[in-house]
Amino acid sequence: MGLNQSFAGACPKQPNPPLPKVTMPALMEMKRQGKPICALTAYDYATARLADEAGVDLILVGDSLAMVVLGQENTLAVTVDEMLHHTRAVARATRRALVVADMPFGSYHSSIAEGVANAVRYIKEAGAEAVKIEGPRTELVRALVEAEIPVIGHLGLTPQSVHRMGGFRVQARTAEAVRGLQADALALAEAGAGAIVLEGVPREAAAAISAELPVPTIGIGAGPECDGQILVFHDLVNLSFAPAAKFVRRYADAAALFHSAIEHYREDVERRAFPSDEESYHLPPSARHELETGNSAVANRDELPDWEG
Ligand code: KIV
């Protein structure tokens, strides 16, 4: 960014006419109209802004940030304060998409009151418009709705249950388990969840749930019949430094692009090809003259125009 440029103030790429703001009721309307919901994770200003300008409907500040941004092994260690910090950056960048903050492990597991108190922080201090919680926690969903906090449920492969599940494994692989998942999804919807993320479940299970649920399902590794899809940004652009899961489609190779850019930069620095004269600031001619000769060529310095050098 140039010294005299303000990225935050730059004109956003807005379609003409601008698309209306996405709200929780708008997601419900999209399901009613059979219009697929496009969701993506983002964790910072730049990626949230790109996702928003590209027309993504829902931006999730996922606790996957623990893994793809902070380099942790799973999502368990990320804290409420870390999530708040990233949610603020995403909310600052987002104009149209619905901003949803993931409640991290431990922030809603001890008591309903603690869950509501932490959820309030995401709305009040960070600008989130909804929160997401994992598991069939109907009592907490009711309490959040009562507190005017829109909530999205998350069922199937719930990464915060990694130790109970014995790893990141596809869930609901028997007819009985599918019936259990259906019952949990229905109970969450009846408790007031505005949408349900279905992660790592067989296509047939997600299709049955999506068909019968009154609220939208948003799938990740759950097949094409869900009402919407979500991917982790770093998986989408190959920045996650891990082999892609079966459900990931890579739409770009940012790792290769960034690698090459950084290598070229290093080479240019090493051979003194960066910065060039055009990329350098210069003294005004009078000051240069004075510096070189020791004589002042300009009587009144105040007469010098503002000069960008
Ligand atoms: O944390 C996250 O990124 C998520 C999505 C995978 C749904 O919960």
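Computed from the coordinates by the stated procedures, all read-outs in this text should not be read as laboratory data. None of the values given here were measured: they were computed from a predicted structure. Positions of Cβ are generated from backbone atoms using ideal geometry, with glycine treated the same way; all protein chains shown enter the neighbour counts.
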Practice prompt. With label points built 7 Å along Cα→Cβ from the Cα atoms of Lys124 and Glu267, find their separation and express it in nm.
Written response: 5.5
Worksheet, complete the sentence: For the chain, longest principal axis from Cα atoms; helix 80-93 axis from its Cα atoms; angle between them, nearest 10 degrees, is 60
Worksheet item: Which of the peptides 93-104, 172-183, 144-155 is most tightly packed, and how do the rest follow, judged by the mean count of other Cβ atoms within 10 Å per residue?
Response: 93-104, 144-155, 172-183
Practice prompt. With only alpha-carbon atoms counted, please give the Rg and Dmax of the range 163-282, in Å.
Written response: 22.5, 74
Response to the item:
Using alpha-carbon coordinates alone, the radius of gyration and Dmax of the chain in Å work out to 24.9, 92
Practice prompt. Please give the calculated 222 nm ellipticity per residue for the chain, where each DSSP H segment of at least 4 residues contributes -39500 (n - 2.57) and the sum is spread over every residue; nearest 500 deg cm²/dmol?
Written response: -11500 deg cm²/dmol
Fill in: Percent RCO, i.e. relative contact order, over the chain, from Cα pairs under 8 Å lying at least 6 residues apart
13
Practice prompt. Highest first, please rank the peptides 256-264, 40-48, 66-74, 121-129 by the mean number of other Cβ atoms sitting within 10 Å of their residues.
Written response: 40-48, 121-129, 66-74, 256-264
Worksheet, complete the sentence: Between Thr217 and residues 5 or more places away or on another chain, the pairs with built amide H atoms under 5 Å apart involve Ile196, Asp227, Gly228
Discussion item. At a 10 angstrom cut-off on C-beta neighbours, averaged per residue, how do the peptides 53-61, 221-229 rank from highest to lowest?
Written reply: 53-61, 221-229
Response to the item:
Note, the range 206-218: 3J(HN,Hα) by Karplus (6.51, -1.76, 1.60, θ = phi - 60°), whole Hz, Gly/Pro = x, goes 5, 5, 5, 5, 4, 5, 9, 7, x, 10, x, 9, 10
Item to complete: Let me know the Rg and Dmax you get for the range 184-238 when you use only its Cα atoms, in Å.
Response: 11.5, 38
Fill in: Nonlocal Lys pairs with alpha-carbon distance under 20 Å, the chain (8 or more apart, or different chains)
7
